[in-house]
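Take a look at the structure set out below.
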C-alpha cells in the first residue's frame, strides 16, 4: 500500500519542485529530501553515493542493503521504477510492516539514500491452553524453534499444522487450533501468541471396506490390519482409533500378508478415508490380488561347504508349496523360532559374511523357479571380546557369562546365548544388550566382538504394611542384586553398599510388635572362587509369634512359637544333557520351639529338622521378567535322616514331643513352566506343579512340617509361619483348599502331604522398557490337595479363571494384581471360592513358580 502512495506523491507534487531543483544552483544538501522534491515528468540519473538503513532492531543492515540490490557507485534514475522495485523487494521478505526509500542528500549528480523500515513484531512466547500440562510440554518441545521468529502468516500456519499433526497422530482428527496475538508488556516489538487447542474426541473407525478381493474375504483382509480395527465388541486388544502412521504401516503389512499367501503380484490400487460422523471415519481399500503362485524348481549355486541335499532339508521348501517371499527369506536368513534356517547353519560354523540371494529364474503360469545363489566367504575366528556400557558391574562378572571366547570360530548361536546369560544376571536392560561383530578382517579371517550393555537399577526395596490376624504388620526388605563382599571394608565403594561383583545380599524384616517378628538374611555368590560357576548361598532366619506379653504362661490363652534356621547351598552348572542344567545341594537346620501353639500336629515341645535337598533345574527362558520362549523345569528331592530306624523310640506309646523331637520325612517336587509365542505379542505360559511328602515309618506318621497349603495369592502370611509350603491358587482364599471329606478348614489347616496344580496363562505386554515392564494376563488354573495316594486323582481339581496384571519396577521387583473366580465350593468355607482379588510382590522372577 505504501509503495502506491509513494508513486502518487511523485506524480502529483513532483513536477514543479523538480523543475526548481533542475534550474537552480545545486548546493550540497545535508537534510532529508522528501519524495515530492522530485518529479516523474523530469527524471534524472544519479550516482548512488551511499546507502543507510534505519528502523532495524533485529535484522542485519548490510543484508537489507543486499536485498535491496542498491549498490554504491551504481547509477539510478530518480524518480523511476527502480525505487518502486526496491520497496517491493523488501516487502516480499515478509519482515516489515512499513518500508520507505528516502533521499538524505544530493550533491551535484550524487544521491545518498536511506532505507527506513518498521519491523514486524517477533514471538516472545507461546501461551497454550485447552490441554493437559504434559501435553503442553510435548507441544512446546516441538515449537521451541518458533520463539524469536517474526510473527507472520507462515509462522501462524506452520504452528497450527504442527499442533494438528501431533494430535492427528494420536487419533484426534478433529482437533482445532485458535490463535490470537497480544503485545508483550516487556518488549514493545514482541507479541505473545495465545494458542487455544480443542482436541475434540478421538476418532474411531466405523468400518473398513475392501474392493477387488476375490480369494480373500473381508474378514481375512481386516485381520491383516492389526492396528486399524473396526469399532466392534470383539476387537478387544486391537486399537479402534484411527491413526495415520499406524494406518500406513498396516497398508504395507496388508500387501505383505497377501503376498505371503502366494499372491506375489498383490498390490494396493487405491485407498480413501472419509468422515462418517463427528467421532468416526470409514476406510475403503481397493486391492489387486492377481493369480496365486507356487514354488517350482529350486536349485543351488555357490555352495561348497554343504551339499544341496542338506540345504534343501533345512530350507524345507518343496515344489508345489504356496509361494511366499517372506517365508522363503525366513527359511534362508531367519529368524525362525528354532534358529534352524540356512544362514544359522553357516553362521554357527564361522561363516560370518555368508549371504544367500534367491533369484527368480523363471515365472511361468502359476509357478516360480528359483536359483539360490550362495556366497559362503571365509570362516572367521574370534580375535578379541570386549564389553561396553557396564559402568557399575565389573568386567569379570559379565565376561565369565559370555560363551564366545577368543580363538573360537564365530558362532551365532553362542552369541545369542551370551546375550541371554547377560540378561539373566538382572543387572542390565536385556532389550538393549547388543553383541556386535566388529573389525571383520577377511585377510586373516578374524573378527572382534563387542557386547554393548546398558546398566539398569537392580536393587529392590520392599516396604509395605497390612492387616493380618487383627494386627498391623509392617515389612521392610532390601535386596542388593549386584553386591560386592570383597569391598565391604572399602568405604569409597559404598553406593550405598559396595556393588559390582554380581553377588546377592537380601535382608528382610517383618513385625507387628511383640506379637510377631520375622527376620531373615541371605547371601549368594554365583561363582565361588571366581573361576568356575560354583553357586554358593548362605541363609539364616529367626521368627516367632507370641501372646506372652498379654497372658501368663498358666493361662489357656498363652501361646508362643519360635523358629530359628540356617542353611547352606552349593551348586554347579552342568554340561550334560546340555548346559542349561544346574544341580544344587542344600543342607538346612531348623529349630522349632512350641509352647501351647496350635496349627501343627503338636502344640508343645522342641523339634529339630535337619534336611538335605537336591535340586536339578533346567532354565532356558529368554528373559527373566517377560519370557516369550523356553522352559523352566525343576525337580527337587528332600530328605531327613530316618531317625526312627536307630533311635530306639517306641512310637506306639510316644508322646507328640518324643514323636516329633527329630522330624523325619522325604519329599519330592516337580515344577515346570513352558513359554510359547502364539500370535503377535501374545505369549502362552503353561505350568504343572506336583508335590509329595512321604514318611519312613507308618508308626511315626507324616511330618508336621514341610506340608503343602494351597489357595490364595501364594505369599507367606505371618499367621502361618515357616514349616509349610504355600502354593497359590487364585480365585480361592488363602490356604482354603483342603482334602475332600476333611474336617480341616482355612482357620485350622495343618497342611496336606500331596498336591498338584495346573495353570494356563495368556500374557500380552503393555510396556517393555528399562524403567518398567507391564503385562496383562488371563488365566485358567486348577489344583487340589490330598493326604494319601488312595484318594489322589490328578484330574479332580478346584478350578478358577481370572485376569490380572504384572508391573516390574527395578526398585520394587514384580508387583501383581489378579482377580480370580473359583468354580468349586469348599466344604466349611462358603465364601472361599467367590471372586477374589490377590496382590503379590517380588514373586515369579526368572520364570519362577507361583
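Things worth noting here:
- If the condition is being in contact with a helix residue (DSSP H, G or I) (Cβ under 9 Å, 6 or more places away or on another chain) and either farther than 19 Å from residue 339 by Cβ or in the same structural domain as residue 308 (by TED's automatic domain parsing) (or both), then segment 406-427 contributes 425, 426, 427.
- Taking the conditions (1) in the same structural domain as residue 135 (by TED's automatic domain parsing); (2) more than 30 Å from residue 776 (Cβ to Cβ); (3) within 31 Å of the chain's Cα centre (by Cα) in turn, residue 258 satisfies each one other than (1).
- Residue in segment 509-520 that is over 33 Å from the mean Cα position of the chain (by Cα) and surrounded by fewer than 14 Cβ atoms within 10 Å (Cβ to Cβ) present: yes
- Qualifying residue in segment 112-128 (condition: within 24 Å of residue 246 (Cα to Cα) and not assigned by TED's automatic domain parsing to the domain that holds residue 62): no
- The listed residue being free of Cβ contacts under 8 Å to residues at least 60 places away in the same chain, in contact with a strand residue (DSSP E or B) (Cβ under 9 Å, 6 or more places away or on another chain), surrounded by 15 or more Cβ atoms within 10 Å (Cβ to Cβ) and farther than 26 Å from residue 437 by Cα, out of 342, 368, 359, 317: 317
- Any hit, segment 712-723, residues being modelled with pLDDT of 95 or more, part of a strand (DSSP E or B) and assigned by TED's automatic domain parsing to the domain that holds residue 544: no
- Conditions (1) in a strand (DSSP E or B); (2) surrounded by 13 or more Cβ atoms within 10 Å (Cβ to Cβ): number failed by residue 457: (1)
- When residue 444 is tested against the conditions (1) farther than 27 Å from residue 770 by Cα; (2) outside the structural domain of residue 813 (by TED's automatic domain parsing); (3) part of a strand (DSSP E or B), the lone failure is (3).
- Across segment 563-570, not a single residue is classified as out of contact with any helix residue (DSSP H, G or I) (no Cβ under 7 Å at 6 or more places or on another chain), touching a residue at least 60 places away in the same chain (Cβ under 8 Å) and more than 30 Å from residue 605 (Cβ to Cβ).
- Candidate set from segment 266-279 (those that are part of a loop (DSSP other than H, G, I, E, B) and out of contact with any helix residue (DSSP H, G or I) (no Cβ under 8 Å at 6 or more places or on another chain)); member that is farthest from residue 248 (Cα to Cα): 278
- Of all residues making up segment 189-208, the number that are in a strand (DSSP E or B) and farther than 15 Å from residue 149 by Cα: 10
- Residue in segment 533-549 that is surrounded by fewer than 17 Cβ atoms within 10 Å (Cβ to Cβ), without any contact (Cβ under 8 Å) to a residue 12 or more places away in the chain and assigned by TED's automatic domain parsing to the domain that holds residue 485 present: no
- Summed over segment 145-187, the residues that are in contact with a helix residue (DSSP H, G or I) (Cβ under 7 Å, 6 or more places away or on another chain), at pLDDT below 90 and surrounded by fewer than 17 Cβ atoms within 10 Å (Cβ to Cβ) give a count of 2.
- Of residues in segment 802-811 being surrounded by fewer than 16 Cβ atoms within 10 Å (Cβ to Cβ) and modelled with pLDDT under 85, the one nearest to residue 482 (Cα to Cα): 811
- Against the conditions (1) in contact (Cβ under 8 Å) with a residue 24 or more places away in the chain; (2) under 30 Å from residue 210 (Cα atoms); (3) surrounded by fewer than 17 Cβ atoms within 10 Å (Cβ to Cβ), residue 271 satisfies every one except (1).
- All positions within segment 280-311 that are part of a loop (DSSP other than H, G, I, E, B), more than 40 Å from the chain's Cα centre (by Cα) and in contact (Cβ under 8 Å) with a residue 60 or more places away in the chain: 291, 302, 303, 304, 305
- Screening 683, 663, 637, 688 for residues that are at pLDDT 90 or above and in contact with a helix residue (DSSP H, G or I) (Cβ under 9 Å, 6 or more places away or on another chain) leaves exactly one candidate, 663.
- Matching entry among 433, 381, 438, 404 (being surrounded by 14 or more Cβ atoms within 10 Å (Cβ to Cβ) and either within 24 Å of the chain's Cα centre (by Cα) or free of Cβ contacts under 8 Å to residues at least 24 places away in the same chain (or both)): 433
- Criterion: closer than 25 Å to residue 188 by Cβ and touching a strand residue (DSSP E or B) at 6+ places or on another chain (Cβ under 7 Å) - qualifying residue of 163, 136, 128: 128
The values are calculated or read from the model by the stated rules, or taken from the named source; none is laboratory data. What you see is a predicted model, and the numbers here were worked out from it, not measured in a lab. Don't worry about glycine lacking a Cβ; one is built from the backbone with ideal geometry, like all the others, and counts go over all protein chains shown.
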